[in-house]
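Take a look at the structure below.
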């Protein structure tokens, strides 16, 4: 099908047919909920479509729906995600497997509606699983896989599927969809952990016939333990993501992995990044390879939980690494991706030289020429063993 990224999401969610979709429009995700509302109006889904008055209310409605046992979905971007901030932590703390699309957009101010990753990167420690997509095909697949990951009994956490605003959300591509019956069978029915209620064992959902309390006061006695349980569930999600994608690949023939190495077998210099820029980077790697330059690329798809072991395996013997990211962590030595990768490699015996690059803030284009220049910087560092500032900028006007 010819679909833009937002339409690919709406089509995938139609096939999943969740119980509740709570929606509030914000550019560049509005097409998702507009298209899905058409599916509702035309009777193609059974979902209860709740048009709320704000993004805070959208996620709040999803928390209530999910707590009652319903499958719940919403979508947002940038300032909308910021308005949800309080509820992000409530959703993960209550262990609600909500699926949310985040169509990445720069945060105000000043006002900017174009793509960078400052919105979802700010939410990286809110207890949500985060998956970042390179193109519309990956967007479609991820919005199907996400439900199985979030609802796994060893996980039970909400998940953000993130993709670049306008670059993906509004650009039409070929998207290979699966049959509705295949999706229905793959998703299955939502399952629930068993807990001890006031009247005996029950499922972890609100049920008047066996009442339990959810979202109650949690003070010194247990709060610490509950936060550690969330952390452990996120770590468990690494295995669940891998096994779920392996199963999905039997139907689709597509498997993305936690990280994806590209021509890394003999790479001497490589870039690591996330999102749509990885497609352009692959094109640049191919160009450099024709010139005899051993360039490689690593795309991080799953950012939370952070895939440390998979990343180390993908890096292999590469000696010089550049981290490219579309967000700026103010007042620190580099962006969040840079800091996480450097921390992950601290105890690694084969420590590569690592340089952080910030690019594309506010939607500024990162061209193939920009990326070629970045690789050339890495080659110079490798050949001359030069030390440069840990924070570099790609495409910044002087």
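Tell me whether the stretch 147-190 comes out rounded, prolate or oblate; compute the Cα gyration tensor, take square roots of the eigenvalues as a ≥ b ≥ c, and use a/c under 1.5 as the rounded threshold. Mind showing how you got there, number by number?
Working: a/c = 4.79, a/b = 1.41, b/c = 3.40.
Oblate.
Tell me what the chain gives for mean residue ellipticity at 222 nm when only DSSP H runs of n ≥ 4 count, each as -39,500 (n - 2.57), the sum divided by the residue total, rounded to 500 deg cm²/dmol.
It lands at -12500 deg cm²/dmol.
Could you give the C-alpha radius of gyration of the stretch 2-187 expressed as a fraction of 2.2 N^0.38 Å, taking N as the number of residues it contains?
Dividing the Cα Rg of the stretch 2-187 by 2.2 N^0.38 Å gives 0.92.
Take the alpha carbon gyration tensor of the stretch 110-203, find the square roots of its eigenvalues, order them as a ≥ b ≥ c, and report rounded if a/c is under 1.5; if not, report prolate when a/b exceeds b/c, else oblate. Walk me through the intermediate numbers first.
Details: a/c = 3.86, a/b = 1.49, b/c = 2.58.
Because a/c hits 1.5 or more and a/b fails to exceed b/c, the stretch 110-203 counts as oblate.
Taking the Cα atoms only, what angle lies between the long axis of helix 55-67 and the longest principal axis of the chain, rounded to 10 degrees?
Approximately 60 degrees, to the nearest ten.
So in the chain, what percent of DSSP beta bridges are antiparallel if you round to the nearest 5?
Antiparallel bridges make up about 25 percent of those DSSP assigns within the chain.
Please compute P(r) over all alpha-carbon pairs of the stretch 233-341, binned at 10 Å starting from zero, and give each bin as a whole-number percent.
That works out to 14, 41, 34, 10, 1, in percent per bin.
Just the number, please: percent antiparallel of the DSSP beta bridges in the stretch 2-187, rounded to the nearest 5.
In the stretch 2-187, approximately 10 percent of DSSP beta bridges are antiparallel ones.
Against the longest principal axis of the chain, how steep is helix 223-252, in degrees 0 to 90 to the nearest 10, with axes from Cα atoms?
80
Just want to confirm a number: the relative contact order over the stretch 175-301, from Cα pairs under 8 angstrom separated by 6+ residues, in percent. Write out the running numbers ahead of the final one.
On the way: 111 pairs, mean separation 23.5, N = 127.
Dividing the mean separation by the residue count of the stretch 175-301 yields 19 percent.
Quick one: angle between helix 136-151 and the longest Cα principal axis of the chain, in degrees between 0 and 90, rounded to 10, please.
Here the helix axis deviates by roughly 50 degrees.
Of 128, 85, how do they rank once you tally other Cβ atoms within 10 Å and put the fewest first?
Listing 128, 85 from fewest to most nearby Cβ atoms yields 85, 128.
Give me the percent of DSSP beta bridges within the stretch 260-394 that run antiparallel, rounded to the nearest 5.
15
May I ask you to order 87-95, 174-182 by the average number of other C-beta atoms within 10 Å around their residues, highest value first?
Packing proxy ranking, top to bottom: 87-95, 174-182.
What shape does the stretch 334-398 take by its C-alpha gyration tensor, where a ≥ b ≥ c are the square roots of the eigenvalues and a/c under 1.5 counts as rounded, a/b above b/c as prolate, and the rest as oblate?
Numbers: a/c = 2.40, a/b = 1.41, b/c = 1.71.
Taking the square roots of the gyration eigenvalues as a ≥ b ≥ c, the stretch 334-398 is oblate.
All of the numbers you see were taken from the coordinates with simple rules; none came from a lab. Since this is a predicted model, take the numbers as computed values, not measurements. Note that each Cβ is placed from the backbone with ideal geometry, even for glycine, and that neighbours are counted across all protein chains shown.
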